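Here is the structure we will look at, set down as structure tokens.
Coordinate-derived values only; no laboratory data. Only a predicted model underlies this, so the values are computations on that prediction, with no experimental measurement involved. Reconstructed Cβ throughout: ideal geometry from the backbone, glycine too, with neighbour counts over all protein chains shown.
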Amino acid sequence: MKQLQNRGVLAAVFALCVAAAGIAFAGEFAGSGNYIGEAEAKAIAFRHAGVSEENVQFVRTSMDRERRGIVYEVEFFAGNVEYDYEIDATSGRILEMDMDRD
């Protein structure tokens, strides 16, 4: 019985540590008001790809830390082409772009 209690305590401590790390990581992104925003990152990618938002079937955007700093990763499909962009979160500059035809 004592082992089960200890496992429960350890699991709770682990869950709290994971939650605290997640909050700290999210706070790092939210702490700066200098980011272009998710909507602008998508607009930059769509413009560069030459597609309108109405022609896009699936969009996934996320914010991530890369060796170059904070970036937006924008992935979407238009027609039979998959587009992947990495866009600088502060300047809006396209850092990487890849497209694959189906």
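Starting from the 7 Å offset along Cα-to-Cβ, what nm value, one decimal, do you get for the label separation of D98 and R47?
That separation, rounded to one decimal, is 2.5 nm.
Where nothing but the Cβ of Lys and Arg (+1) and of Asp and Glu (-1) is charged, how large is the charge dipole of the stretch 43-102 around its Cα centre, in debye to the nearest 20?
Using only the charged Cβ atoms, the result is roughly 260 debye.
For the residues D102, D88, what sequence is obtained by ranking on other C-beta atoms within 10 Å, fewest first?
Going from sparsest to densest Cβ surroundings: D102, D88.
Which of rounded, prolate, oblate describes the stretch 35-102, given a ≥ b ≥ c as roots of the alpha-carbon gyration tensor eigenvalues and a/c under 1.5 marking rounded, otherwise prolate only if a/b is larger than b/c?
Prolate.
Which of T90, T61 has the fewest other C-beta atoms within 10 Å, and how do the rest follow up to the most?
Fewest-to-most ranking of T90, T61: T90, T61.
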